[in-house]
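The structure appears below as structure tokens.
Please treat every number below as a calculation from the coordinates, not as lab data. No experiment lies behind these values; they were computed from the predicted model shown. Cβ coordinates were reconstructed from backbone atoms using ideal geometry, including for glycine residues, and neighbour counts include every protein chain displayed.
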Amino acid sequence: MKEEQKWPHYWGTTPEQDYYDQQGIKSSKSYFTSPRGLRLFTRQWLPIVSPPRGLIFMVHGYGNDISWTFQATAIFLAQNGFACFALDLESHGRSHGLRAFVPNVDLVVQDCRFFFSFVKQNPQYETLPSFLYGESMGGAICLLIHFADPEAFHGAILVAPMCKIADAVKPKWPIPQILTFVAKFLPTLAVVPTGDLMVKSVKVEDKKVIADMNPSRYRGRPRLGTVLELLRVTDHVSRRLCDVSLPFLVLHGSADVVTDPNVSRALYEEAKSEDKTIKIYDGMMHSLLFGETDENVEIVRGDILAWLDQRCRARN
């Protein structure tokens, strides 16, 4: 594949609906207005069988969106009987907001909770088990959703959760102190010095090319206000690991330099959940479900599906 090629979808040039038909699932997209008036882009991926085995509410990571490679996992889960729902977070993808500017994660959590609750109101879904699924920053948001309503979901799948930003991608002293001062006056300024997170996340070179084709991928430097908010949120989450009580599966690559696998280990050790599972994959990087070799991606997918299968069987 040549870098100058551009595909309309991560899978290539097949029209969207034709591709979903080929994959044996149903999918649709729409816009949803949150209580605070934000216009948010949403997607759903549904199995052909009805009713589905369970509901999975998915949250993407920083600078990402739900319409490119993030879809691959949702399609896989829908093929295996799960109804999946996701939204582009504020200022990401096709949703409203200045690109990659997230001044208040607590409001993003409210957006997610409102949308997920709206979906659950569908009578055909009322008796089904529901699970959270979050990648990177989305993993931290899933934990915040859980803290806000500990009984709302039957479990969570946390993929390289951003419970702490890895030291390898943090600016060094005294840059953080300087940026903190400047952020009070210019929070949207995109000047935080850090490398391209996609390059640090994706292992396979050909897949870096595909990831870079994403027309919605944020390529600029992180904005001051966003970085300070993520540091605040990850510090808050890391201090509340002991409050996690829902069943969860946490997955992390040992070679992840974007989020810290040791914090996932701490989550597993400190959480008061009686049902908790951790998988640390030797040598894998941040993008576990796309950026690794196809063989590694299948290993991670298999672990997720086995975990979901066991929890759904236990409820029957």
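Enter the Cα centre distance for the pair the stretch 83-129 and the stretch 54-80, rounded to the nearest angstrom.
13 Å
Write down, largest first, the equivalent ellipsoid semi-axes of the stretch 16-315 in whole Å, where each equals the square root of 5 times an eigenvalue of the alpha-carbon gyration tensor.
Working: eigenvalues 157, 89, 82 Å².
After scaling each eigenvalue by five and taking roots: 28, 21, 20 Å.
What does the net charge come to around MET162 if you take all other residues with beta carbon closer than 11 Å to its beta carbon, with K and R at +1 and D and E at -1? Could you put the intermediate results ahead of the total?
Numbers: positive: LYS164; negative: GLU135, ASP256, ASP260.
Net charge around MET162: -2.
Label-point separation (nm) for TRP7 and VAL119, each offset 7 Å from Cα along Cα-to-Cβ?
Between TRP7 and VAL119, the simple spin-label model gives 2.4 nm.
PRE reach from ILE48 (point 7 Å along Cα→Cβ): which of the stretch 70-100 fall under 19 Å by backbone N?
74-84
Of all DSSP beta bridges in the stretch 1-133, what percent run antiparallel (nearest 5)? Could the numbers behind the result be given before it?
Numbers: 14 of 23 bridges.
Percentage antiparallel, nearest 5: 60.
What list of ³J(HN,Hα) values in whole Hz, one per residue of the stretch 278-295 in order, does the Karplus curve 6.51 cos²θ - 1.76 cosθ + 1.60 (θ = phi - 60°) give from phi, with Gly and Pro shown as x?
Calculated HN-Hα couplings, in order: 10, 10, 10, 9, 4, x, 7, 9, 6, 8, 6, 9, 9, x, 7, 4, 4, 5 Hz.
Tell me, what ³J(HN,Hα) does each residue in the stretch 82-94 have, in order and in whole Hz, if you take phi through Karplus 6.51 cos²θ - 1.76 cosθ + 1.60 with θ = phi - 60° and put x for Gly and Pro?
9, 8, 10, 9, 8, 9, 6, 5, 2, 6, 10, x, 9
Mind giving me the FRET efficiency for SER254 and LEU107? R0 is 30 Å, r the Cβ-Cβ distance, nearest 0.05 is fine.
Working: r = 34 Å, r/R0 = 1.13.
Between SER254 and LEU107 the formula returns 0.30.
Looking at the chain, which longest stretch skips every one of the GluC sites (Glu not before Pro) that is in a DSSP loop with at most 16 other Cβ atoms within 10 Å, leaving the sites themselves out?
Details: sites that count: GLU3, GLU4, GLU126, GLU151, GLU274.
Looking at the chain, 152-273 is the longest stretch - no exposed GluC sites (Glu not before Pro) with at most 16 other Cβ atoms within 10 Å.
In the Gaussian network model of the chain, springs joining C-alpha atoms below 10 Å, which of ASN80, ASN262, ASN122 carries the largest mean-square fluctuation?
Largest GNM mean-square fluctuation: ASN122.
Helix-only estimate, please: 222 nm mean residue ellipticity of the chain, summing -39500 (n - 2.57) across DSSP H runs of length 4 or more and dividing by its residues, to the nearest 500. Display every interim value, and only then the final one.
Values: 10 runs with 116 residues, N = 316.
So the helix-based figure for the chain works out to -11500 deg cm²/dmol.
Kindly write out, for the stretch 200-215 in residue order, the coupling ³J(HN,Hα) from the Karplus curve 6.51 cos²θ - 1.76 cosθ + 1.60 (θ = phi - 60°), rounded to whole Hz, with x marking Gly and Pro.
Ordered by residue, 3J(HN,Hα) equals 6, 9, 9, 7, 7, 4, 4, 6, 4, 4, 5, 4, 6, 6, 4, x Hz.
What distance in nm separates the two pseudo spin-label positions at GLN79 and LYS272, each 7 Å out from Cα along the beta-carbon direction?
Each label point is offset 7 Å from its Cα along the Cβ direction, giving 4.1 nm.
Pull up all non-local amide H partners of SER27: gap of 5 or more, or a different chain, and H-to-H distance under 5 Å with H placed in the peptide plane.
Residues meeting the criterion, in which the H sits 1.01 Å from N, are LEU46.
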